[in-house]
Amino acid sequence: MTPAMTSLQRVASVLSGEVPDRVPMFLSTGLHGPAMLGVSMREYFGSAELMAQSQLLKRETYRDDIVTSFAYAAAEVEAFGQETVFYENGPPNAGRPVLSSPSDIEKLDVPRLEDCEALQRGLEVTRMLAAQAPDAAILGIVIAPNSLPVMQLGFERYLDLIYEQPDLHARLLEVNEEFCAAWANAQLEAGAHAIGFFDPLSSTTIMPRDLLERTGLASARRTFCAIDGTVLALLASGAVIPVIRDFVELGVAGVGVGPDEDIGLAKAAAKESCAVIGNLNGIEMRTWTPEIAEKHVKNAIAAAGGGGGYIVCDGHGEIPHEVPHDVIAAISEAVHRWGHYPLSWTDLPAEL
Amino acid sequence: MPQVESQTVEELPVEELKASLLSLDRLAVRRTMLAAAASSTPVTVIDSLVVPVLERIGQGWQAGEISLAEVYMAGRLVEETVDEVLGAPAASARASAAHPKIAMCVLEDSHGLGKRIVSTCLRVAGFEVLDLGLRRTVEDIVEEVRAKGIEILLVSTLMLRAALAVGTLTRRLAEEDLDHVKVVVGGAPFRYDPNLWREVGAHAWGYSASEAIEVVSAMARA
Ligand code: B12
């Protein structure tokens, strides 16, 4: 069972509908970086070298397939002049909304990527990963134009805006779409192989389907047209099955599936038109044992791994830093043990 | 649930009101509420119409049939209409003096939508909820609970970090001899790990905003 493929080939084969040598995996442990390297969260997120180093270290430790330049969602609103709040015991969060009232949208300009340090650091990480991990698949991340406003305005005010001021909403989407496509393309240019389009607002957990068709999905369509590369739709563990066909039509190569949904049903709904990525429960993972981790991975591979089209990942795209090393190691072990094609063991009667 | 004097639960148009709320039909919502208020007492309208509608909407969200945006907009609309038709605040429709003192906060975090939706639901169900705000530290909350004599404390969280901080809060409440205060938690981390509420020493948790009504009603009766 010597690996027949590099990580990059393995991921690319799944995203283009072929069957790889084994199920690829993405262990998104960016938040473990500071502890791995013995630095503070603040120092870590302020340094491209440290972030790149932690990606390389996690790949060496867990032998997974995808590295990422993603730092934290709020980095994108820093480009609009918003503050980020750092915590030592969790991910950074967006500070006070930069748009203090919806009327501020009228004056909003598309920020220049060159003017934002956090985004420049992200590009630097991407370039370092491309140089130092040529065999790995590099995933860039953008927050969708229709999800970013939750940080720019606050959630309540954004929902009010969508329902009550459709013109201003359209204008905000326009600004965010231009920004999002530029940020995605800059990451592709720096060496990312695909872009994860984080768009929980386009999940039916958050918005009703009819409204989505007019807002989030329409905006995703326009944005994808302007992105020159492969896109994965990641709904941050919001429900994806009801919109999976919509995203397939928009041309995504994969969709993220959260722990609330059945990964086998998601795979069936994707009808081999795109890969499914997920859906280990990252919050519960904190309390797993290595044995439980192996069981979850086995079940997920059995449900979604058949015939390719599946990438093992947590259901959100970021493993909380509280999840212990031995659990992450056990997930990796289980993929290496049970993920090789052909998955002949899945035809055997299930173990109890 | 109190006795319904003039109408049975079936007779109050629960499904009709739910449909009007979800389609954001303000006039239809108002019409239904006015008709109900003309034939029933305010308490009956709340207990046999408004609360069952909110419960069904909450269950619909839990089942993945109704989105959060609809839950939020329906809450806003029902709150406005209850205030207008039954008189603001809805809490005065009941003998509120008999209620325990309830407060709600967001611990160490600025994600306020959960708090807004939950407190709206409780308010239209007839409970007065003191708003302790966002980004509160454990020590602030302990102080406020003592100073204001809070008996039921609702905590909304979105980040796992904040959910775990509830563990520190319940420990500090116990150290300060405030362990009679009932702590009710909710928010995404508690939905993804159904054992987490016990782990952090909470007395109860709710999956959705309408479950908050159930939990708080049971605590108020006890
Ligand atoms: C939409 C979303 C986003 C959007 C908007 C986020 C925001 N609100 O600011 C974007 C894309 C920006 C985003 C980014 C991030 N996100 Co996000 N996101 C989500 C998602 C899909 C919904 C979150 C939300 O706001 N829901 C709305 C609220 C109102 O829902 P709720 O809290 O569940 O509340 C309901 C019930 O729980 C209940 N309830 C709430 N409070 C209470 C209280 C009581 C007492 C009771 C009884 C009931 C109750 O009533 C409400 C209505 O029914 C969730 C996953 C999910 N499916 O829930 C992840 C999630 C919240 N995100 C998460 C994370 C980590 C992040 C980031 C930190 C990622 C990063 N490293 O940058 C950033 C932070 C962004 C920021 N603010 O700075 C994690 C948090 C848990 C954790 N791992 O720590 C989640 C849970 C995903 C996951 N499965 O791990 N995210």
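The values are calculated or read from the model by the stated rules, or taken from the named source; none is laboratory data. This one's a predicted model, so the numbers in the text were calculated from it and none came from an experiment. No Cβ is skipped: glycine too gets one built from the backbone with ideal geometry, and neighbour counts run over all protein chains shown. When the accessible area is computed, the model is the full protein with side chains, heavy atoms only, and any ligands, DNA or RNA have been set aside. Shrake-Rupley method; radii C 1.70, N 1.55, O 1.52, S 1.80 Å.
With every protein chain in place and a 1.4 angstrom probe, the accessible-area ranking of B:THR137, B:THR32, largest first, reads B:THR137, B:THR32. Across the protein assembly as shown, the fraction of Cα-Cα pairs farther apart than 36 Å, rounded to a whole number, is 37%.
Taking the Cα centre of chain B as reference, the dipole from Cβ charges on Lys and Arg (+1) and Asp and Glu (-1) amounts to some 240 debye.
Taking the DSSP beta bridges with both ends in chain A, the antiparallel portion is around 15 percent.
Taking Cα centre as origin and charging only the Cβ of basic (Lys, Arg, +1) and acidic (Asp, Glu, -1) residues, the dipole magnitude of the protein assembly as shown rounds to 300 debye.
Of A:VAL240, A:VAL67, A:VAL98, the residue with the greatest mean-square motion in the GNM of chain A, using alpha carbon springs below 10 Å, is A:VAL98. Charging the Cβ of each Asp and Glu at -1 and of each Lys and Arg at +1, and nothing else, the dipole of segment A:7-347 about its Cα centre rounds to 580 debye. Highest-first packing order for the peptide set B:161-172, A:320-331 is B:161-172, A:320-331, based on the mean count of other beta carbon atoms within 10 Å. Between A:LEU56 and A:LEU265, the modelled labels are 4.4 nm apart [label points 7 Å from Cα along Cα→Cβ]. Only protein atoms count toward the accessible area here, which uses a 1.4 Å probe; on segment A:215-290, the carbon and sulfur part of that area reaches 51 percent. Rounded to the nearest 10 degrees, the inclination of helix A:117-132 to the longest alpha-carbon principal axis of chain A is 30 degrees. The residues packed around A:GLY30, meaning those with a beta-carbon under 10 Å from its beta-carbon, carry a net charge of 0 if Lys and Arg are +1 and Asp and Glu are -1.
Measure up B:LYS148/B:LYS182; B:LYS18/B:LYS148; A:LYS298/B:LYS115 against 26 Å on the Cα-Cα distance and list the ones that go over.
Pairs exceeding the cut-off: B:LYS18/B:LYS148; A:LYS298/B:LYS115.
Between 0 and 90 degrees, the angle of helix B:113-124 with respect to the longest Cα principal axis of chain B falls at about 50 degrees.
Please compute, for peptide B:62-69, the average count of beta-carbon atoms on other protein chains lying within 10 Å of each residue's beta-carbon.
Working: counts 0, 0, 8, 3, 3, 13, 10, 13.
Neighbouring Cβ atoms belonging to other protein chains average 6 per residue here.
Rounded to the nearest 10 square angstrom, A:ARG209 shows an accessible area of 80 square angstrom against a 1.4 Å probe. When Rg and Dmax are taken over the Cα atoms of segment A:263-352, they come to 12.9, 36 Å. The length gained by stretching the chain between A:ASP167 and A:GLU117 to full extension, at 0.36 nm per residue less their Cα-Cα distance, is 14.9 nm.
In this structure, A:SER16 and A:ASP109 have a Cβ-Cβ separation that, at R0 = 41 Å, corresponds to a calculated FRET efficiency of about 0.60. Cross-link partners for A:LYS295 among the lysines, with Cα-Cα distance under 26 Å and sequence neighbours closer than 8 places in the same chain left out: A:LYS58, A:LYS267, A:LYS271. In this simple spin-label approximation, B:ALA63 and B:THR41 carry label points 7 Å from Cα along the Cα→Cβ vector, and these lie 3.2 nm apart.
Here, chain B yields an orientationally averaged convex hull projection of 11.5 nm² when only Cα atoms define the hull. The C-alpha atoms of chain B define a longest principal axis, and helix B:68-86 lies at about 60 degrees to it.
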